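Visitor: Could you have a look at this structure, given as structure tokens, before my questions?
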Protein chains: 2
Amino acid sequence: MQIQYQDLSFEVYKRLKTMILSEEFKPGEKLKQEHIAKLLGVSRMPLHKAFQMLEDEMLVENLPRRGFYVTKIDHNLMLDVFECREVLEGLAVRRAVKVITKEDLDYLKSLFKPFCGKKKVDNKKYMEADQEFHNSLLLISGNEALKRFENVRNVLFRAYRGGLIREPVETLPEHLGIIDALENQDEKLVVQLTLEHSTKTQKVLVGKIEEETKSKFVFIGDEA
Amino acid sequence: MQIQYQDLSFEVYKRLKTMILSEEFKPGEKLKQEHIAKLLGVSRMPLHKAFQMLEDEMLVENLPRRGFYVTKIDHNLMLDVFECREVLEGLAVRRAVKVITKEDLDYLKSLFKPFCGKKKVDNKKYMEADQEFHNSLLLISGNEALKRFENVRNVLFRAYRGGLIREPVETLPEHLGIIDALENQDEKLVVQLTLEHSTKTQKVLVGKIEEETKSKFVFIGDEA
DNA sequence: TATACTTAGTCTGTATACAATAAACAACAC
DNA sequence: GTGTTGTTTATTGTATACAGACTAAGTATA
């Protein structure tokens with residue numbers, strides 16, 4: 001593995017990304033260039049480059065001559081992204097099942113080992129493992145184009161900010177089941193399990209959104 | 001429709017894009033910033049922004065401290081992209097079949113009208129219609145995330161440069177069949193037809209690649 | 001003759017400075 | 001008092017300048 005030079009803007013990008021994902025910058029907030037440039041001690045040029053990277057990952061939006069704003073997490077967009085993830089992940093596992101190595105499998109297993117057999121799990125840590133698991137599936141597939149769909153992952157990561165969509169006690173067995181099917185190179189099963197896993201989460205999400213929408217209507221009713 | 005300001009870099013981006021797609025800049029060619037900046041009469045800053053946009057569409061690659069290069073059309077990448085398009089388009093038509101309007105259908109039909117019943121068709125024009133057809137499917141779906149996968153389209157556009165992968169006489173009925181199924185809101189059929197359409201093209205592409213690889217080996221043999 | 005090292009030149013990455021535009025606020029007219 | 005217009009201020013978009021890194025050519029040495 002050779003050492004790769006990373007320019008300043010990449011550092012800025014990483015920093016801003018964590019700040020957005022941790023909601024130090026709130027959705028809808030304007031990101032003032034000069035202000036942030038001073039904050040991070042860089043000029044506006046590498047900053048601008050970083051903004052663009054974030055734009056491609058759907059973390060910020062650019063309004064010409066107005067500036068960059070943190071994208072609001074829109075529920076409809078979230079569902080749209082989930083749909084895409086579903087089919088892309090389906091593709092990923094179909095390929096992964098053919099090329100997966102013992103090392104890959106060991107890695108996937110290691111992600112969830114800390115949570116197996118535990119009654120109570122650290123939700124934040126589990127969330128990270130969950131993310132990494134789904135990301136790894138894309139990478140293991142070996143499809144170069146798939147690897148580029150990182151923007152999909154970011155929107156979903158932000159979706160998780162309100163907490164996990166489903167409980168670990170429910171999803172952990174599903175994850176392990178997918179790993180098992182990959183190990184046994186059972187293409188049909190792994191595709192089925194991945195699809196089910198995704199569909200279940202989407203259904204719960206739709207339910208939550210409906211709830212939210214309802215309570216919003218009530219609130220508006222109170223105002224009138 | 002309100003007037004939107006487009007910054008210089010967007011103009012530069014569009015210009016460079018056509019130059020790359022028309023192979024004024026050859027695959028693998030280095031894009032010297034200062035040189036192109038002078039050529040287009042802009043500074044290196046909007047140029048840099050344009051380069052980044054192109055990078056996200058997989059039209060150029062950036063090597064840190066080396067500069068930007070036009071991406072070589074790699075056959076493996078092309079197949080990877082085709083796989084992604086297949087599943088994304090599957091998703092697109094599943095949604096499209098539910099929300100498609102009469103206007104959408106008329107537009108899709110109008111794309112291929114000039115070629116219907118003709119014995120000989122202008123391949124270049126047909127290629128453009130083909131592109132627009134597949135792009136439209138993504139747009140009609142209404143899935144915001146799907147619309148963002150433009151990079152997929154660009155790689156494939158470049159794949160077409162060597163000519164159409166399959167003949168219009170073969171693909172035209174397939175396209176019309178998909179439109180018909182959309183009109184009849186036959187979800188199952190439209191998904192099946194779209195999948196078949198894509199799979200056939202991929203198969204032909206794989207065959208062409210194998211041919212090419214073979215002839216390359218012969219060439220190398222001659223050299224030795 | 002081939003290889004390694006030095007040095008000049010070119011190009012990228014970053015910072016600063018300037019111009020153009022949008023937002024905010026105050027003054028004026030209705 | 002409200003709405004509109006003009007002016008100021010803040011912020012973005014673009015150009016230029018400089019420093020550091022890479023490339024390549026040329027010379028010296030084995």
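The values are calculated or read from the model by the stated rules, or taken from the named source; none is laboratory data. Here the structure is a predicted model, which is why all the values come from computation and not from measurement. When we count neighbours, we look across all protein chains shown, and the Cβ atoms used for this are built from the backbone with ideal geometry, even at glycine. Note: areas computed on protein heavy atoms with side chains; ligands, DNA, RNA excluded. Shrake-Rupley method; radii C 1.70, N 1.55, O 1.52, S 1.80 Å.
Visitor: Quick check: net charge around A:Lys32, other residues with Cβ under 12 Å of its Cβ, Lys/Arg +1 and Asp/Glu -1?
Guide: Residues near A:Lys32 contribute +2 overall.
Visitor: Taking only Cα atoms and a 10 Å spring cutoff, compute GNM fluctuations for chain A and point out the largest among A:Glu103, A:Glu29, A:Glu167.
Guide: A:Glu103
Visitor: Ignoring solvent entirely, what values of log10 I(q)/I(0) come out of the Debye formula for chain A at 0.18 Å⁻¹ when each Cα is a single scatterer?
Guide: Each listed q corresponds, in turn, to -1.34.
Visitor: If you don't mind, there's one more thing I want to ask. Once both axes come from the Cα atoms, what is the angle between helix A:168-183 and the longest principal axis of chain A, in degrees from 0 to 90, rounded to 10?
Guide: Value to nearest ten degrees: 60.
Visitor: Cα axis of helix B:8-21 to longest principal axis of chain B: angle in degrees, 0 to 90, nearest 10?
Guide: 70
Visitor: Shortest first, in nm, what separates the label point of A:Leu176 from those of the same position in the other copies (7 Å along Cα→Cβ)?
Guide: Listed shortest first, these distances are 5.7 nm.
Visitor: Report the residue, chosen from B:Val169, B:Val190, B:Val81, that carries the largest GNM mean-square fluctuation when chain B is represented by alpha-carbon nodes joined by springs under 10 Å.
Guide: B:Val169
Visitor: While we're here: Could you bin all the Cα-Cα distances of the range B:75-205 into 10 Å bins starting at 0 and give me the percent of pairs in each, rounded to whole numbers?
Guide: Whole-percent P(r) values from 0 Å outward: 12, 47, 36, 5.
Visitor: If you don't mind, another one. Run the accessible area of the range A:75-218 with a 1.4 Å probe and give the carbon-and-sulfur part as a rounded percent.
Guide: About 54 percent, which is the carbon plus sulfur part of the accessible surface.
Visitor: Still on this structure, I have one more. List the residues, sorted by chain then number, that are 5 or more residues from B:Leu31 or on another chain and whose placed amide H is less than 5 Å from its amide H.
Guide: B:Phe68, B:Tyr69, B:Val70
Visitor: Which whole number gives the average, over all residues in A:63-72, of C-beta atoms from other chains lying within 10 Å of the residue C-beta?
Guide: What the average comes to for A:63-72 is 1.
Visitor: Each residue of the range B:136-142 in order: what ³J(HN,Hα) in whole Hz does its phi give by Karplus 6.51 cos²θ - 1.76 cosθ + 1.60, θ = phi - 60°, with x for Gly and Pro?
Guide: Couplings: 4, 4, 4, 5, 4, 3, x Hz.
Visitor: Counting only C-alpha contacts under 8 Å and six or more residues apart, can you give the relative contact order of the range B:8-70 as a whole percent?
Guide: Worked out over the range B:8-70, it gives 43 percent.
Visitor: In Å, what Rg and Dmax follow from the Cα atoms of the range A:8-70?
Guide: Over the range A:8-70's Cα set, Rg and Dmax evaluate to 10.3, 27 Å.
Visitor: Quote the relative contact order of chain A in percent (integer), defining contacts as alpha-carbon pairs under 8 Å separated by 6+ residues.
Guide: Dividing the mean separation by the residue count of chain A yields 22 percent.
Visitor: Related question: Can you find, among A:Tyr13, A:Ile73, A:Met58, the residue farthest towards the positive end of the dipole of the range A:6-89? Put +1 on the C-beta of Lys and Arg, -1 on that of Asp and Glu.
Guide: Comparing the listed Cα positions along the dipole, A:Tyr13 ranks first.
Visitor: Along Cα-to-Cβ, 7 Å out, sits the label point; list in nm, shortest first, how far the one on B:Thr213 is from those in the other copies.
Guide: Nearest first, the other copies' label points are 4.9 nm away.
Visitor: What gaps in nm, shortest first, separate A:Lys200 from its twins in the other copies when you place the label 7 Å past Cα toward the beta carbon?
Guide: List, nearest first: 4.0 nm.
Visitor: Over what distance in Å are the Cα centres of the range B:88-167 and the range A:42-98 separated?
Guide: The two parts, judged by their Cα centres, are 24 Å apart.
Visitor: Here's another thing I want to ask about it. Any chance you could get the radius of gyration and Dmax over the Cα atoms of the protein assembly as shown, in Å?
Guide: Using the Cα atoms of the protein assembly as shown, the pair Rg, Dmax is 23.7, 86 Å.
Visitor: How many Å² of accessible surface get buried when B and A come together, counting both sides, probe radius 1.4 Å, rounded to the nearest 100?
Guide: Approximately 2800 Å², summed over both chains.
Visitor: Can you sort B:Met45, B:Met19 by solvent-accessible area, 1.4 Å probe, largest first?
Guide: B:Met45, B:Met19
Visitor: Same structure, new question: Taking a 1.4 Å probe, which of A:Asp74, A:Asp56, B:Asp130 shows the most accessible area, and what order do the others take after it?
Guide: Final ranking, largest accessible area leading: A:Asp74, A:Asp56, B:Asp130.
Visitor: At a threshold of 8 angstrom on Cα-Cα distance, excluding pairs fewer than six apart, so keeping six or more, what relative contact order does the range B:27-137 reach in percent?
Guide: Dividing the mean separation by the residue count of the range B:27-137 yields 22 percent.
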